[in-house]
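The structure appears below as structure tokens.
The values are calculated or read from the model by the stated rules, or taken from the named source; none is laboratory data. None of these values were measured; they are calculated from a predicted model. Don't worry about glycine lacking a Cβ; one is built from the backbone with ideal geometry, like all the others, and counts go over all protein chains shown.
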Amino acid sequence: MAINKVVRAALKAISYKEIDVKENYNLKRNLVNLSHIHYLKPLYNSWDHEVYSKDHKIPVRIYAPDNDKDYPYIPDNNGEYPEVDYPFLLFFHGGGWVTGNIDSYNKVCTNMARRTKRMVVSVDYRLAPEYRFPNALHDCYEVAKVLKDVLERSNSKDKSIVIMGDSAGGNLAAALSLMARDKNEFRIDKQILLYPSTYNDHSFNSPFESVRENGTDYLLTAKTINDYIDLYKSSDDDLQNPYFAPLLAEDLSYQPETLIITAEYDPLRDEGEEFGKKLREAGNSVETYRIKDALHGFFTLPQVFPQVKLCYNIINSFLNSEV
């Protein structure tokens, strides 16, 4: 439904009373986690696992599309990789690189597995400011690399790597695809970017009109985006790094088949769509959709919302298509 004047006024009031993220990021994390408690956890099939990196472990949670099978999704003690009935979808959660985790996205990933008929792997990457750029990206890359190895060694029919992320997770997915091309260790087959952050400037001097149109009146404000970026970056030099802001990449060739979904009332709307345009100009296959009457973060809403239903229809069409 369209956003009427009353709703806009309420959203504006909430936005102006937002928590100062830089001063209270732990409080913000706790509020995010409390607002996303999923009480139905015993009713769906998921497993917790850890991916070993050089000096730490990266928690991941795997979700099955159904409840009646006990999938041995990791190698057994003999190093054997069993066949899995469903293809995989590697997911990176949003939260400005500062908030969110696999618990706060339980419900989203449960629905995602059921609606896409895929095994969803959710990555609990390290958060800023304790772990600043590029730590989160390296965690996501390591999990993608391990998943690719698992699929190559398994008897699974579909060995493709599909990555997906929303907001900051969309940024990580786009950056991971660039890194995978540059390192040439494995190939990303498809990427789904939901209202991604792709640029480095969200002040009102931004080249994107959506920052000025939607940067104060809605739940995600331009100030909050800038605060998140300040907490995520290790130095000002990071702002010019294409792994930090993928839209700055001089070379966007050889990227995966891409789906970009933006929200009408989102300050990040225009930079996500511009990223799709630049990918297309570089010779990649790209689909871009703007969801009408949608706010940033709408994908985490209950499935009864028409914007969420439409989003899944678009995602499934993209996943099931062949170039």
Legend entry - Hey, ASP237 modelled with pLDDT of 95 or more and charged (D, E, K, R) or not: yes
Legend entry - TYR195 among the aromatic types (Phe, Trp, Tyr), under 17 Å from the mean Cα position of the chain (by Cα) and closer than 21 Å to HIS56 by Cβ: no
Inset, instruction - From (1) touching a helix residue (DSSP H, G or I) at 6+ places or on another chain (Cβ under 7 Å); (2) modelled with pLDDT of 75 or more; (3) loosely packed, with under 13 Cβ neighbours inside 10 Å; (4) not aromatic (Phe, Trp, Tyr), pick out the condition that doesn't hold for GLY96. - result: (3)
Inset, instruction - For the stretch 203-221, name all the residues that are touching a Lys or Arg at 6+ places or on another chain (Cβ under 8 Å) and assigned to a helix (DSSP H, G or I). - result: SER210, ASN214
Legend entry - Filter result (crowded, with 23+ Cβ neighbours inside 10 Å and among the basic types (Lys, Arg)) within the stretch 250-304: ARG269
Inset, instruction - List every residue pair whose Cβ atoms sit under 8 Å apart, with the two residues 6 or more apart in sequence or on different chains, where the first one lies in the stretch 176-191 and is crowded, with 19+ Cβ neighbours inside 10 Å and the second, anywhere, is assigned to a helix (DSSP H, G or I) and among the small types (Gly, Ala, Ser). - result: LEU176/ALA144; ALA180/ALA144; ILE188/ALA144; ILE188/SER177; ILE188/ALA180; GLN191/ALA173; GLN191/ALA174; GLN191/SER177
Legend entry - Single residue of GLU287, GLU264 found to be without any contact (Cβ under 8 Å) to a residue 40 or more places away in the chain, acidic (Asp, Glu), in a strand (DSSP E or B) and touching a helix residue (DSSP H, G or I) at 6+ places or on another chain (Cβ under 7 Å): GLU287
Inset, instruction - Examine the stretch 99-118 for a residue that is surrounded by fewer than 24 Cβ atoms within 10 Å (Cβ to Cβ) and of a type in the set (Phe, Trp, Tyr), and state whether such a residue exists. - result: no
Inset, instruction - Look through the stretch 290-323, keep the residues that are part of a helix (DSSP H, G or I) and touching a Cys at 6+ places or on another chain (Cβ under 8 Å), and return whichever of them is nearest to HIS93 (Cα to Cα). - result: PHE299
Legend entry - Evaluation of LEU239 against (1) outside any loop (DSSP other than H, G, I, E, B); (2) touching a strand residue (DSSP E or B) at 6+ places or on another chain (Cβ under 8 Å) (one fails), failing number: (2)
Inset, instruction - Quick one: VAL150 ticks every box in (1) under 21 Å from ARG118 (Cα atoms); (2) hydrophobic (A, V, I, L, M, F, W, C); (3) surrounded by 23 or more Cβ atoms within 10 Å (Cβ to Cβ) except a single one, so which number is it? - result: (3)
